[in-house]
Structures are given as C-alpha cells and as structure tokens.
1. Answer yes or no as to whether A:Ser2 is at pLDDT below 90, within 14 Å of chain C (Cβ to nearest Cβ) and surrounded by 19 or more Cβ atoms within 10 Å (Cβ to Cβ).
2. Working carefully through the options A:Phe35, A:Phe7, find the one that is among the aromatic types (Phe, Trp, Tyr) and surrounded by fewer than 18 Cβ atoms within 10 Å (Cβ to Cβ).
3. Pairs needed: first member in segment A:194-223, on the phi > 0 side of the Ramachandran plot and more than 7 Å from chain B (Cβ to nearest Cβ); second member anywhere, at pLDDT below 95 and crowded, with 23+ Cβ neighbours inside 10 Å; C-beta distance under 6 Å; at least 6 residues apart or different chains.
4. May I ask you to say which residue of B:Asp213, B:Asp177, B:Asp170, B:Asp190 is in contact with a strand residue (DSSP E or B) (Cβ under 9 Å, 6 or more places away or on another chain), at pLDDT 90 or above, surrounded by fewer than 16 Cβ atoms within 10 Å (Cβ to Cβ) and not hydrophobic (A, V, I, L, M, F, W, C)?
5. Within segment A:208-221, does at least one residue satisfy the condition of being surrounded by 19 or more Cβ atoms within 10 Å (Cβ to Cβ) and over 30 Å from C:Val27 (Cβ atoms)?
6. Kindly check whether there is at least one residue in segment C:8-15 that is more than 26 Å from A:Thr181 (Cα to Cα), within 14 Å of chain A (Cβ to nearest Cβ) and surrounded by fewer than 18 Cβ atoms within 10 Å (Cβ to Cβ).
7. Could we say that A:Ala141 is more than 9 Å from every other protein chain (Cβ to nearest Cβ), among the aliphatic types (A, V, I, L, M) and in a helix (DSSP H, G or I) here?
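The values are calculated or read from the model by the stated rules, or taken from the named source; none is laboratory data. All of these numbers come straight from a predicted model, not from anything done at the bench. Cβ coordinates were reconstructed from backbone atoms using ideal geometry, including for glycine residues, and neighbour counts include every protein chain displayed.
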Amino acid sequence: MSDRLSFYVERSSLLHRLNPLTKLTLAFTLIFLAFFGPGYWLPAGLYLFVLIPLSFLGGVGKDFVRTSLRLLLPLFLFLFVMQSLFYPGGKTVIFSLWIFSVKSEGMAFAFLTASRILVMVSSFLLLFLCTHPSALMNDLARRGAPAALSYIITSTLQILPQMQAKASAIQDAQSSRGLNTGGNLIQRTRSLLPLVGPLVFGSLVDIEERAIAIEARGFMLPEKKTSLIDIPDTRPEAIFRWGMLLLILLTTGYRLWPS
Amino acid sequence: MAIIEMRNLTYHYPLAETPALHGIDLEVQQGEFLAVVGANGSGKSSLCYALSGFVPHFFKGKLEGQLNIAGIDTHQSGLMDFVRRVGLVFQNPFNQISGSKFSVYEEIAFGLENLAVPPTEMRARIDAMLDLTGIRDLADRSPYALSGGQQQRLALASILVMQPQVLILDEPTSQLDPIGSREVFQVIKDLSRQGMTIVMAEHKIEWVAEFADRMLVLSQGEIIGNGKPSEILSLPQLPEHGVGISRYTTVARLAQKEGLWPSDQALPVTLTEAVAGFQEALG
Amino acid sequence: MNIIQSIKKDFNTMTLVLIPVAIAINVVIGQIVVLLKLPVYLDSVGTVLVAAICGPWAGALTGTLSNIIWGLIIDPNALPWFPVAMFIGFVAGWAAVAGLFRTWWKVVITGILVALTAAVVSTPISVYLYGGITASGSSFITAFLLQSGRDLVSAVLSTNFIVEPIDKIATSLLAFAIIKGLSVRYLSRFPRPENVLVGK
C-alpha cells in the first residue's frame, strides 16, 4: 500500500485532461442509463462499447479491465449461483444438481443485475483512474461542495494507510510480547483488546492536536477559500455535460411514459 | 508599545479547580525572542495556547486578566482574529500535517487557500518558505514521506507562509532526533535574526540560552523568573522547580564547590561561556 | 431546528478530524476480527463512535464512506450495502440524541435498534441482488461468510440470526467502552457531548 489510497494512474491522455465534473457527470449518466435505460443488453453494451474503449483512450485500458474484473468477478459468481438457484418465479429449469435446480429466468436476471453493477462500479473506477483525487475534490469544492466534505475525503485517503501501518506495527509488537492470535474463541476474543486498544486511544489523542493545527492554519476562516491549483474547464465540456443531463431526462421520460 | 502584553492572566481549564496559569505578567517587544522554560506541567503549553488564542477560544474554560497581542485583545476577539496574526507550531510534527494535501507544496498552500490569498500570489510566498526552511527539494513529496525534522520544518513553513506577526513555538524539537532538532533550531535562529517576534517553550536549555533575548521560568502556572538567560540560569532555586539547568552550569557549580570557579563569577550557561570562564579561572 | 441546522451542528473541527480516524478504526478492527476469526464483523465501531459524540448525520457520513472504502480496497462484495452502513450511523446517532448512550444497558438497546435497522435496510438490497432470499437472510449469511474466509464453525454458528444483533450490540458496547476511556474535557470538544455524559 503506497502512502495514500488512490486508483489514480498518471497519464497525459485526453481523459486525464478533461474537467473532473465532466467525468463525474459521464459516470452518473452511464449508471443511470444502465439501471433505467431500455434494452436487456444495454448495460453490457455500455461496458463493452463505451467504458472499455474510453479506458483505452485514457491510456488506462489494461488497469481498467483488470481492476474492474478483479473487483467484480467474485460478486458475479456469487450472484449467478444465488439467483440461478433461488430466483422467485423461475420456471424453466436448465439442469438439476441434487436438490438444487438452475433456472434460466434466474440466470437471465443474474446477467442483467451483474452487468448493471458492472457499469456502476466500473464507471467510478474509470473516473478514479483518470482523475487525481485532489483535482476532483478541488473542482467540486470550487463549485460549491462543502470544504468540510472535501477535507474529510482527502484526509481519509491519506490517514487510512498510516493507521493500517500503525496497526501492523502494534500487531508485530504484541506478537513479539507473546500475544497469540490462535486458540479457542475466548482466547481469541481476549486478544482483541491489546491489538485494538493502543491504536484506538493513540489515534484519538492525535485528533485534538490535528484539530488545533488545521484551525491554526485558518481552516475555519469564513472567507471563501481560493485554490492553488487551477482546474480548467472548457465550453465544449460544459455543453457535453448538459447533453448528458438531457439524456438522463429523456431516459426518465421513457421510463415514466405509460406505453 | 510592546507587541505582547499580558497582565495578571489566570486561566482555568473547564471543570478544573487549580488554574493552569496564575497571575502571569509578560511583555514582549517586537523582534524579541522570549524563551519559556519549566518542568512538565508547569504551564508552558497553556501559555503558548493563551498567546495563540486557543485558550480560551478553543479550550473554553475561564480566562481572567488581560492579553493584548499584535493589536488584538483576547477578550474582544475570536480565534479567527488570532489565526490571522499569531502562528503556532507545536511538538508533534505528524499531527500538524493537515492530511488533505498530497504534496509538500500544496500542504504549504493550505493556509493561503484558507486566507483566500489570490493564486497568483501564492507561488512566490510558498517558494520563499521552501527556501527559508530548506525543504525545497522535498516540494513534490507526500508530507507523510518525510522525517520528523522535515515534517516539523514543513509545519513551520506552513504557518510562516501565512505571515504571522508573532510566532509561538511549543517545544518544537521535543519529538525530534538530534539531526532534526538542529535543522529546526537553525530555521528558528534565522527567523529571529530576520526580526520575527518569537515566544518559544523549550527544554533544551543550552540552546535557548544562547539565542533568546529573555527567559521566563514557569512553575505550577506561575512565573518564578523573568530576565536575561544568563541571570535566570544561575538562579539556585531552579532545580527545586524541576527546571533542567544546563550541563555547563552543573559542572561550573561543582567546580565552584571545589574552589575552582570563583564564587563571584557568574555561572555559565553555554559551552562558550564555560570555556571562557574556566580559562580565566584557571589562568 | 431545521435539517440544514441539524446537519451543521454535527460538524465542528473535531468532527472533521475524527471521521477519517473513525473510518480507519472501522477498517482496522474489521480486519483484525477476520484475522482472529471471530464470528462477528465489528466493522462499524468507528461509525457508532462518531454517531454518539457528533451526531446522526456525521455518523451516516462515516458509515457510508467507510463502507465504500472497504468495498474498494478490501472486499467489493460490501459495496452494495452502503445504505446499511449509512443507516447504522444515522440510527445510532438519533438513539444517542434520545439519551440511549449513557449507560451500559441503554447502549445494549441502541445496539438492538441498530441491528433491527440493519436488517430492515439490507432486505431490499438482498432482494435486488439475490432475487428473493430475504426472509431469513441466513443462507446469504452462510454463503457470504464462507466466501470471506471464515472457518466452517463460525459460518454455521452465524447462520443463526443471533449474530447480527450480537455484532451490533458488541459494536455499540465497544464504542461505549472507548468513550468511557476518554476524559470529560476531551469529549466536550465534540458537538454532542451531552449524549454520552451523565450529569453535568
């Protein structure tokens, strides 16, 4: 684990140069289409013919495919098993194994659900691969997102690995003092405290000082914060974003239209 | 007019019966370097917090007495008024990293962004701070990938970039190794030479004795000494109050007992003084 | 007070600095529990902590972010369950506001309320994802546990619907224990210390 949590891969592609809000809007639009758009094959199509090509355009194709499959294959396998076997109203049995029978309606539903989730997670994955977290947070903050939220997200990304490292160190220290992580249930439960206690109380003490530090640096000053880094935005992108919004509205209309 | 004027300041933390600070009188001129020494729990940190406004505006509690610093009156101002004028750097370098910036350069910009400084002005100020604290070659690194001394210099840079009129330092080298301490002391020395008003709580007596203009000794929230370092450090009652005297003073005192150091000669605090004193005493 | 004011009340400087640490606490304790092969999750201790001393909105945010991060770095199967994590924080927060975080047995009640909420909120998600296995939830728990590497005994034990409430009660008690270990002076820094302080 590097010293921060981030999917970001540094490249100089078109996608990387796009304004973060544009990419975020695209992600939301794709997700909306996948869940509410017409057509059984739409979500799968969006993944194969929109997201994957875009990822290669962004120079992160291999990372994208590899990570999206790694993240979701376990979920899909599970989904397929559960829904193929237990989907209510499934009648068309494909084959049976002992007391379980696989129904085609279940499999079909599994495929649809899986492809929708695939679009959802991989849209954000693509966003994160091509957008530096601070660029994304900066842009949102500039457009009115609360500075507090931006602060919370970016500091979580950095502080989490630090604390995981501390937890590892505590684990090692306790093991060398003879802490056994095996044994029966009672023994294992007892090991919880010496592993968790030092970390929790240590990090809670730090909090007060960190609060003082950010106050001393003016975080709670009332004026609207400026930004060191300028995130460019272009007119074509703004038009594109409105176009995406229109697409969402059209899809909503399609869904609601009683036909 | 002194840039810091504290009169009869008494402070109780919330729900506390004994005051952390009691009847503190203090005056600091612009450009002066005041060192604050005392045992643990003597009130050094509370004094630092009072000077930077965190007492009482962050910690609540009861503050009596007067404090005027950099043109503001603590009873009529809020924490934000202090933040614009008084800088605070404290012991733990890790806890002073905001966490929300991914590079040293941006970390320094954090304070400027909060002050709503125009971006065009930011770069020049940040570059100046990088040079002042000697961390220019670390500008692209993650703040978490630095040594303690480097992080503390980053903390200094991040506060100084906001151009405070007074700098308060609460034992900035306590958690650093000797190399880190030396790096930080160097920066503070340079700042003082450039005319910054500094109040520094510190344990490493020898160092502050060499550079401070004046020294304040605290014990249990009260002032028991206020004057030039050489005067203060020769006071015999210091050890009872748990104030570490310099090693050189101890040696000279022992020598005094053996008749090797004249009883009318002032006890040394620094190595230079000790060497000079012994050279003279032993002919 | 209206909603915006209610939300704002939860967030002072200490809250902002607490939340990332609380998320880390969630992740670390959650991982240690897997390491120790305990038949519980204990992955919301930080969430409940924030909910108790900062408020329901801060708790909800902590839960949501925590779940998403867990899903992205540890186990993607957790991702669809972010509304559950969100409601755990939300309900624990309101329970604390109602005074249910002041004594041990009241905290147990909070734990039960949180467990009920978790069950209710996870139902529609289960329905959607697993096509109808909702009523008992036990087959899902078995399969989920088997999948995340717990040993067979724990997996079988956990299919009993006793586990969810135990997990949430233990989580709440652990958060309470942490709060008990903090000084009054420290707790009063946070937006809602009155939730956890008895008397003055």
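1. Working: at pLDDT below 90: yes; within 14 Å of chain C (Cβ to nearest Cβ): yes; surrounded by 19 or more Cβ atoms within 10 Å (Cβ to Cβ): no.
When the stated conditions are applied, A:Ser2 does not pass them.
2. Details: A:Phe7 fails: surrounded by fewer than 18 Cβ atoms within 10 Å (Cβ to Cβ).
Going through A:Phe35, A:Phe7 in turn, the sole match is A:Phe35.
3. Between residues of segment A:194-223 that are on the phi > 0 side of the Ramachandran plot and more than 7 Å from chain B (Cβ to nearest Cβ) and residues that are at pLDDT below 95 and crowded, with 23+ Cβ neighbours inside 10 Å, there is no close pair.
4. Numbers: B:Asp177 fails: in contact with a strand residue (DSSP E or B) (Cβ under 9 Å, 6 or more places away or on another chain); B:Asp170 fails: surrounded by fewer than 16 Cβ atoms within 10 Å (Cβ to Cβ); B:Asp190 fails: in contact with a strand residue (DSSP E or B) (Cβ under 9 Å, 6 or more places away or on another chain).
Going through B:Asp213, B:Asp177, B:Asp170, B:Asp190 in turn, the sole match is B:Asp213.
5. First, pick out the residues of segment A:208-221 that are surrounded by 19 or more Cβ atoms within 10 Å (Cβ to Cβ): A:208, A:210-219.
Within this subset, residues satisfying the condition of being over 30 Å from C:Val27 (Cβ atoms) are A:218.
Among the residues of segment A:208-221, at least one is surrounded by 19 or more Cβ atoms within 10 Å (Cβ to Cβ) and over 30 Å from C:Val27 (Cβ atoms), which makes the answer yes.
6. Within segment C:8-15, the first condition is being more than 26 Å from A:Thr181 (Cα to Cα), and the residues that meet it are C:8-15.
Narrowing further to those that are within 14 Å of chain A (Cβ to nearest Cβ): C:8-15.
Keeping just the survivors that are surrounded by fewer than 18 Cβ atoms within 10 Å (Cβ to Cβ) gives C:8-9.
For segment C:8-15, residues more than 26 Å from A:Thr181 (Cα to Cα), within 14 Å of chain A (Cβ to nearest Cβ) and surrounded by fewer than 18 Cβ atoms within 10 Å (Cβ to Cβ): present.
7. Numbers: more than 9 Å from every other protein chain (Cβ to nearest Cβ): yes; among the aliphatic types (A, V, I, L, M): yes; in a helix (DSSP H, G or I): yes.
Yes: the conditions hold for A:Ala141.
Conditions tested, residue by residue: (1) small (Gly, Ala, Ser); (2) within 13 Å of another protein chain (Cβ to nearest Cβ); (3) buried (at least 21 other Cβ atoms within 10 Å of the Cβ).
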{"site": "C:Val34", "(1), (2), (3)": "no, yes, no"}
{"site": "C:Asp43", "(1), (2), (3)": "no, yes, yes"}
{"site": "C:Leu49", "(1), (2), (3)": "no, yes, yes"}
{"site": "C:Gly55", "(1), (2), (3)": "yes, no, yes"}
{"site": "C:Leu61", "(1), (2), (3)": "no, yes, yes"}
{"site": "C:Leu65", "(1), (2), (3)": "no, yes, yes"}
{"site": "C:Ile68", "(1), (2), (3)": "no, yes, no"}
{"site": "C:Leu72", "(1), (2), (3)": "no, yes, no"}
